[in-house]
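Report on the structure given below.
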Amino acid sequence: MVHYVRTATCLQSTNEPRIHNSRTNHLGREITLCYALRTKMPTPLPPFHLAYVFERFPSFTQTFCAREILELEQLGLRPLIFSIHDTRAENIRHFPAELFDRVHVLPPSDELVEIVKGRKDRNEFPQGVVLTLRHWGDRPDKLRVYEAAYIGSEMQRHGVHHAHSHFAGIGARACWWMRAFYGHTFSFTGHANDIFCDPDCDNVITLDRLMRDAALVVSVSDYSVKRLAESHPAAAAKIHRVYNGLDLQPFEKAIGGEKCTPPAILSVGRLIEKKGFDDLIRAMAILKEKRIACICKIVGEGPLHGKLAHLIEETQTGDTVQLLGPKSQDQIVNLLGQASIFALPCVTEHDGGMDNLPTVIMEAMAAGLPCVSTVLAGVPEMVIDGANGRLVPERHPAAFAEALAELLGNSENRTSMGTTGLRRAREHFAKEVTAARLAKLLIQNGTVRYDAELIRRHTASTSDYITQFMLRMKRGISGTSRPMKRPLEQHRL
């Protein structure tokens with residue numbers, strides 16, 4: 001990755017030698033010119049509009065994040081991307097390889113701490129950073145303080161004043177500290193277990209504090225927006241729903257594929273409790289007992305592989321249920337083309353965790369398949385019972401088997417439901433639709449850089465920047481986004 005630095009009049013690569021020269025302008029002020037020792041200067045990079053702070057990026061387990069970044073760039077918003085952990089060792093990738101080149105990966109934690117301490121000793125940080133580092137000691141979550149100091153200074157260098165993060169976790173907590181240190185606004189997208197499960201009491205920056213101090217809170221379903229508003233009523237006005245966006249085109253290739261005989265039921269996901277694969281296996285045992293011909297293919301890996309394999313043996317469904325392990329996106333598209341039904345019997349975990357808006361259901365809808373799932377969280381916002389699939393109560397294998405049997409016995413109904421699901425996916429979950437809504441909310445609520453060129457391309461964003469200006473005036477009067485200038489113990493947490 002090539003890093004760039006700004007001088008008085010140009011942007012140039014730091015790995016090239018430079019010649020500096022001074023002269024006096026027409027106002028009598030000395031200005032510095034810099035010349036690269038090559039015949040052609042690089043084209044200046046356009047400015048960043050905002051930052052994205054990820055715990056891990058890009059990652060094959062969170063491809064929706066990569067889609068979001070790429071689609072925002074298509075809209076003209078240029079994000080400065082940070083990843084706290086390096087993901088280049090991951091083998092499965094569902095995103096362009098060149099995306100790695102645009103990510104600023106933080107140094108390993110020990111090295112990061114030393115870098116931040118060195119900058120503190122050289123008085124390169126605001127007073128709030130210095131005071132917090134001095135008083136923090138070994139209190140929990142201390143790495144977030146160092147990450148915030150590091151990332152915030154990089155944002156300052158690039159003139160970026162708003163950061164967005166996915167999940168109410170490590171990245172969002174680092175953003176909270178950046179707000180405290182530098183006065184940057186921040187926002188985050190809450191997904192599932194990060195907002196549904198009991199919080200980690202060891203973290204000083206709780207979900208309640210994130211909700212209180214964020215400029216914008218996004219969640220991925222109407223269900224989770226309602227739940228967050230009920231549990232955090234003071235923040236209700238700034239919580240908005242933006243569905244995870246999907247690139248429909250790769251999955252639409254599955255439409256019209258040659259179907260398996262007997263009909264195949266496909267399921268995809270990590271082999272963990274909330275996916276409900278044990279209920280799917282028990283439903284398949286019921287279908288076998290009723291002599292309904294079908295096979296079930298389960299794609300994914302995870303900690304429950306051994307238990308699920310044992311359950312298949314126990315229910316004597318080894319001839320109808322297959323655990324296929326992890327597959328690439330192209331392989332999953334092929335399997336969707338061969339399948340007649342997509343099934344995912346989502347359940348609530350014993351600690352309260354659950355799926356909110358499973359992306360795999362969107363993918364199946366884009367492939368023109370009817371979907372069978374459960375009435376849980378945001379699933380009914382994707383699968384409309386009787387329209388593009390069937391929904392049954394969670395942890396009810398018999399009802400799930402009945403819904404599968406109904407669709408297996410009616411090919412015309414399967415086709416009709418698949419067509420309805422595809423139309424719904426295009427209207428609500430296409431990445432172009434969701435990214436445009438997110439961009440609007442980010443510009444309105446965060447200190448996203450003003451850009452005349454962006455307004456020229458999207459004239460509707462004029463009103464979004466006006467909204468931002470009014471909110472910035474309000475925050476300036478209330479002082480809610482001013483950086484801290486007191487030790488942590490004296491700061492309002």
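The values are calculated or read from the model by the stated rules, or taken from the named source; none is laboratory data. Note that the structure is a prediction, hence the values are computed from the model and not measured. Positions of Cβ are backbone-derived with ideal geometry, glycine not excepted, and every protein chain shown enters the neighbour counts.
Close Cβ contacts (under 9 Å, 6 or more residues apart or on different chains) running from residues in region 87-108 that are under 18 Å from Glu68 (Cβ atoms) and crowded, with 16+ Cβ neighbours inside 10 Å to residues that are modelled with pLDDT under 90 and among the charged types (D, E, K, R) comprise Phe100/Arg88. If you go through region 268-288 and keep only what is under 20 Å from Met365 (Cα atoms), of a type outside the set (A, V, I, L, M) and more than 22 Å from the chain's Cα centre (by Cα), you end up with Gly276, Phe277. Of the candidates Asn203, Asn244, the single residue that is polar (S, T, N, Q) and surrounded by 18 or more Cβ atoms within 10 Å (Cβ to Cβ) is Asn244. Can you confirm whether region 234-241 contains a residue that is part of a strand (DSSP E or B) and of a type in the set (Lys, Arg)? Yes, region 234-241 contains a residue that is part of a strand (DSSP E or B) and of a type in the set (Lys, Arg). Restricting attention to region 261-319, the residues that are among the hydroxyl-bearing types (Ser, Thr, Tyr) and surrounded by fewer than 18 Cβ atoms within 10 Å (Cβ to Cβ) add up to 1. Here region 358-387 is the region considered, the condition is being of a type in the set (A, V, I, L, M, F, W, C) and in a strand (DSSP E or B), and the residue that is farthest from Gln338 (Cα to Cα) is Val372.
Of the residues examined, Arg424 is one that is modelled with pLDDT of 85 or more, charged (D, E, K, R) and farther than 23 Å from Leu77 by Cβ.
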